[in-house]
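Read the structure below first, then the notes.
The values are calculated or read from the model by the stated rules, or taken from the named source; none is laboratory data. The structure displayed is predicted, hence computed values, not measured ones. Here Cβ is always computed from backbone atoms with ideal geometry, including for glycine, and neighbour counts include all displayed protein chains. SASA here: full protein model, heavy atoms, side chains in, ligands and nucleic acids out. Shrake-Rupley method; radii C 1.70, N 1.55, O 1.52, S 1.80 Å.
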Amino acid sequence: MRGRVIALWLLLGVLCAGGITAILAFTLNRNPGSSSIDYDADFCQPLIIAHRGASGYVPEHTLGAYALAIAMGSEYIEPDVVMTKDGHLIARHDNELGLTTDVAEHPQFATRYRTQYVDGTLVRGWFTEDFTLAEIKMLRAIERIPEIRPGNVRMDGSFEIPTMQEIIDLAKGMEISYGRRIGIYPEIKHSTHFQHLGLAMEKPLVDLLHENGYTGPEAPIYIQSFEVTNLKELSQITGIRLIQLLGGRKTAQPYDQVQLGSDLTYGDMATPEGLRDIARYAYAVGPEKSYIIPRDENNRLGQPTSFVRDAHSVNLKVHPYTFRAENLYLPAELQSDDPSPSAIGNFRGELKAFLSTGIDGMFSDQPDISVQVRGPCE
């Protein structure tokens, strides 16, 4: 009975989203910025964000990976968003299709193979912007890192490439089934690249989310980007919470800043002054995890930095990335003795170290283990 009541309230919330939530978004100056309100208070915390779904177990960015992540207890599922030739938002880590789909096995698409620059890097392959949605639906997902996750390879060809709308439908359906809120955490990929093609994703994504009832900062949605300009523009057109991602190389620049001729680096953005600037347009920051606990020259965990404290001082939530269980991704002292690339190390040890720093959430490829280590809701 309780589950049915929750489901009814969820449905009523969606129906009313265009009214009350729109008023709230306007009242809160459209985007909460550095608001001290915890809009995730109804979730277990710290948040477990399923990185590309439960990608440690199922090929990434598939409905199977997202559904498994929800079943494992994730608060949020994370789709990376790119655009098709005919303007549809789909979930892929990159606009290049060769690594994550069977496009190479479709002879009718052989002539689409080409070379181009994407965010200043020369890339060869097949690109989403050269395919219609109908053509994308002819492809099937494959495991992106088969040498590290050979078990996932058995599911190659099992899943279509999902649209953003299909991911929303999955989340809303499973909200009713599980009787709890399920958040979605889209990342806009290669923003400047797609803008130059006339396929800007920002407004279409916002329009789609608004049409589905996700409008104000209280909606279980984050929009994330490694670029800066698009997030600032988004803060003017939506009340949905935004998160500024910080690349792992501190000397690197967001690509929009490269195009603008700016000298702003991710390292600059991670300083107390830089975090204060981010807080003017974003609700949270997503640093590569070495910003929080760096590794030494022997690939061992060092001492925590002041990053979490600095971000919290300007009311920014902190959601670091990416937590993975395989030896390849773990610090030396937590790796297992098994030399196999797919061997699982002491993942729990790394999770505990980062949870002790006071982070507010984490992106995880194995969300079930992250949920277990975090523990039940208080």
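Identify the residue in region 64-85 that is of a type outside the set (A, V, I, L, M) and under 27 Å from Y39 (Cβ atoms) and, among all such residues, is surrounded by the fewest Cβ atoms within 10 Å (Cβ to Cβ).
That would be G73.
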Residue list for region 133-157, restricted to those being assigned to a helix (DSSP H, G or I), surrounded by fewer than 21 Cβ atoms within 10 Å (Cβ to Cβ) and in contact with a strand residue (DSSP E or B) (Cβ under 9 Å, 6 or more places away or on another chain): L133
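Among the residues that make up region 184-195, is at least one of them of a type in the set (D, E, K, R), closer than 25 Å to G87 by Cα and out of contact with any helix residue (DSSP H, G or I) (no Cβ under 9 Å at 6 or more places or on another chain)? Steps first, answer last, please.
Residues of region 184-195 of a type in the set (D, E, K, R): 187, 189.
Filter once more, keeping what is closer than 25 Å to G87 by Cα: 187, 189.
Keeping just the survivors that are out of contact with any helix residue (DSSP H, G or I) (no Cβ under 9 Å at 6 or more places or on another chain) gives 187, 189.
Within region 184-195, one or more residues are of a type in the set (D, E, K, R), closer than 25 Å to G87 by Cα and out of contact with any helix residue (DSSP H, G or I) (no Cβ under 9 Å at 6 or more places or on another chain).
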Elements of type strands (runs of 3 or more DSSP E) in region 86-132, at least 1 residues being farther than 23 Å from F226 by Cβ and open to solvent by 20 Å² or more (accessible area, probe 1.4 Å): 114-118
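Table: residues versus (1) open to solvent by 10 Å² or more (accessible area, probe 1.4 Å); (2) modelled with pLDDT of 95 or more.
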residue: F354; (1), (2): no, yes
residue: D360; (1), (2): yes, yes
residue: S364; (1), (2): no, yes
residue: P367; (1), (2): no, yes
residue: S370; (1), (2): no, yes
residue: R374; (1), (2): yes, yes
residue: E378; (1), (2): yes, no
Tally of residues being over 21 Å from T128 (Cβ atoms) and basic (K, R) across region 168-225: 3
For A41: the one exception among (1) in contact (Cβ under 8 Å) with a residue 12 or more places away in the chain; (2) more than 13 Å from the chain's Cα centre (by Cα); (3) at negative phi: (1)
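Inspect all residues belonging to region 59-71 and state whether any of them is within 23 Å of the chain's Cα centre (by Cα), in a strand (DSSP E or B) and not polar (S, T, N, Q). Before you say what the answer is, go through the steps one by one.
Filtering region 59-71 for residues within 23 Å of the chain's Cα centre (by Cα) gives 59-71.
Subsequent filtering for residues that are in a strand (DSSP E or B) retains none.
Looking through region 59-71, none of the residues is within 23 Å of the chain's Cα centre (by Cα), in a strand (DSSP E or B) and not polar (S, T, N, Q).
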Residues that are modelled with pLDDT under 95 and open to solvent by less than 50 Å² (accessible area, probe 1.4 Å), drawn from region 327-342: S340, S342
Exclusive hit being touching a Pro at 6+ places or on another chain (Cβ under 8 Å), closer than 27 Å to L231 by Cα and crowded, with 16+ Cβ neighbours inside 10 Å, set V318, V285, V308: V318
Top-ranked residue of region 178-211 - restricted to ones that are assigned to a loop (DSSP other than H, G, I, E, B) and more than 18 Å from the chain's Cα centre (by Cα), ranked as nearest to A50 (Cα to Cα): R180
Any hit, region 236-257, residues being open to solvent by 40 Å² or more (accessible area, probe 1.4 Å), of a type in the set (A, V, I, L, M) and touching a residue at least 40 places away in the same chain (Cβ under 8 Å): yes
The lone exception for E273 - which of (1) in contact (Cβ under 8 Å) with a residue 12 or more places away in the chain; (2) assigned to a helix (DSSP H, G or I); (3) more than 29 Å from A67 (Cα to Cα); (4) out of contact with any helix residue (DSSP H, G or I) (no Cβ under 7 Å at 6 or more places or on another chain) it fails: (1)
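crowded, with 19+ Cβ neighbours inside 10 Å, farther than 24 Å from E288 by Cα and at pLDDT 95 or above: does that describe E187? I'd like the intermediate steps shown before the answer.
Values: crowded, with 19+ Cβ neighbours inside 10 Å: yes; farther than 24 Å from E288 by Cα: no; at pLDDT 95 or above: yes.
Spelling it out, it is not the case that E187 is crowded, with 19+ Cβ neighbours inside 10 Å, farther than 24 Å from E288 by Cα and at pLDDT 95 or above.
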